[in-house]
Every structure is written in C-alpha cells, then in structure tokens.
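The structure under discussion appears below in the form of structure tokens.
Only the coordinates and a few stated rules stand behind these numbers; no lab work does. Keep in mind it's a predicted model, so treat the numbers as computed, not measured. Positions of Cβ are generated from backbone atoms using ideal geometry, with glycine treated the same way; all protein chains shown enter the neighbour counts.
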Amino acid sequence: MTCTLFLTRHAKSAWNTDAPSDHARPLNKRGRRSAGALGNWLRDQALQPAQVLSSSAQRTRETYELMELAAPATFTERLYHATPEILYDVLREATQPQVLLLGHNPGLMEFAHEIVKHPPPHSRFDDYPTGATLMVEFDIAHWAEMQPASGKVIDFVVPRELLGE
C-alpha cells in the first residue's frame with residue numbers, strides 16, 4: 001500500500017495590509033489567482049487529497065478555499081510556522097492515505113528536503129516559493145510508518161508555471 005502527500009506552501013500573501021498580525025495577513029491578487037490554478041492542477045491529477053491538514057493562518061485558509069478541493073480541511077495552530085519535527089508529528093496523525101499538508105516556510109521547505117529520497121530536478125525546489133506543491137509517494141500503509149528520505153517524488157509545480165508567467 002502507499003500513502004501520497006501533497007505538500008503545499010500557501011499562495012502569495014499581501015504585505016501592504018492593515019492586518020493586525022502576521023497570522024491575519026490575507027492573500028494578494030496574484031496569490032488568489034495562484035491558489036485557483038493550484039486547485040485546477042490538483043483536480044487534474046490521478047490522485048486527489050482525501051484530507052487537508054492546514055495552518056490556521058488567514059493566508060492558508062484562503063489558499064485552501066480558493067483551491068476548491070473536495071477534501072475536508074482541519075486548520076490547526078500547530079502548523080503555523082511549524083518546524084519539520086512538528087510537520088512529521090501532524091502528518092503521522094493523518095487518517096487518510098492521500099493528504100494535502102498546507103503550511104509555511106521555512107519549515108515546509110526543510111520538511112520537503114528531508115522526506116524525499118531524490119529531490120525533483122526543478123530550479124525552484126530549493127527555495128520552495130509561495131504556492132509550490134510537491135506530490136510525493138511513500139511505500140507505507142499508514143502515516144505513522146513514515147521515515148525521512150523515503151518519499152518518491154511524483155511531481156513538483158509552482159504557480160507561475162500553471163499561470164504561464
């Protein structure tokens with residue numbers, strides 16, 4: 001059996017906003033377009049996320065909403081600027097074999113580098129820009145069995161490619 005992870009960094013957020021905190025920052029116009037494009041791309045894949053685990057930040061909530069995925073989401077404070085260790089812990093609690101994990105850098109980028117056996121040959125994988133999404137498969141029956149450097153990359157995409165920018 002296999003488990004598939006869709007590891008997505010939130011779409012581009014607005015910096016020139018009157019949001020009362022970093023946690024409350026919304027997406028900007030490009031971020032909203034990017035989130036929609038990511039949702040279209042994900043719906044075109046053979047595998048779909050069955051569960052979404054997301055940071056509780058405004059920009060991750062908006063990214064999820066604009067992706068228009070059928071999978072239900074759980075928003076948790078634990079994933080707001082989470083370290084790779086916390087990302088492992090949260091993912092190991094997942095109940096579905098196809099999970100979309102939605103979060104923030106630098107933890108998400110570090111986690112992506114830790115979980116794959118061989119990184120994708122993509123120029124943007126190292127910096128994991130906003131909206132970057134990694135699809136990776138693990139030869140495990142349950143997320144609790146996940147180990148570092150055991151994932152096989154299926155695909156990696158950034159929104160600029162999907163939007164033709």
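Total residues in the range 58-70 satisfying the condition of being basic (Lys, Arg) and crowded, with 20+ Cβ neighbours inside 10 Å: the figure is 1.
Which members of the range 1-40 meet the condition of being aromatic (Phe, Trp, Tyr) and surrounded by fewer than 18 Cβ atoms within 10 Å (Cβ to Cβ)? Listed by number, the list holds a single entry, Trp15. In the condition set (1) farther than 29 Å from Arg30 by Cα; (2) surrounded by 14 or more Cβ atoms within 10 Å (Cβ to Cβ), Ala141 is compliant with all but (2).
Per the conditions (1) within 19 Å of Leu162 (Cα to Cα); (2) surrounded by 14 or more Cβ atoms within 10 Å (Cβ to Cβ); (3) touching a helix residue (DSSP H, G or I) at 6+ places or on another chain (Cβ under 7 Å), the sole criterion not satisfied by Ser55 is (1).
Of the strands (runs of 3 or more DSSP E) lying entirely inside the range 1-80, those containing at least 3 residues that are free of Cβ contacts under 8 Å to residues at least 60 places away in the same chain span 51-55, 73-76. Cβ-Cβ under 6 Å, sequence separation 6+ or interchain: first residue in the range 153-165 and under 22 Å from Glu114 (Cα atoms), partner among the basic types (Lys, Arg). Which pairs? Cβ pairs passing all conditions: Val158/Arg124.
Give the residues of the range 5-59 that are within 12 Å of Leu69 (Cα to Cα) and acidic (Asp, Glu), sorted by residue number. Residue satisfying the conditions is Asp44 alone.
One residue stands out in the range 125-137 among those that are surrounded by 21 or more Cβ atoms within 10 Å (Cβ to Cβ) and over 14 Å from His104 (Cα atoms): the one that is farthest from the chain's Cα centre (by Cα), namely Val136.
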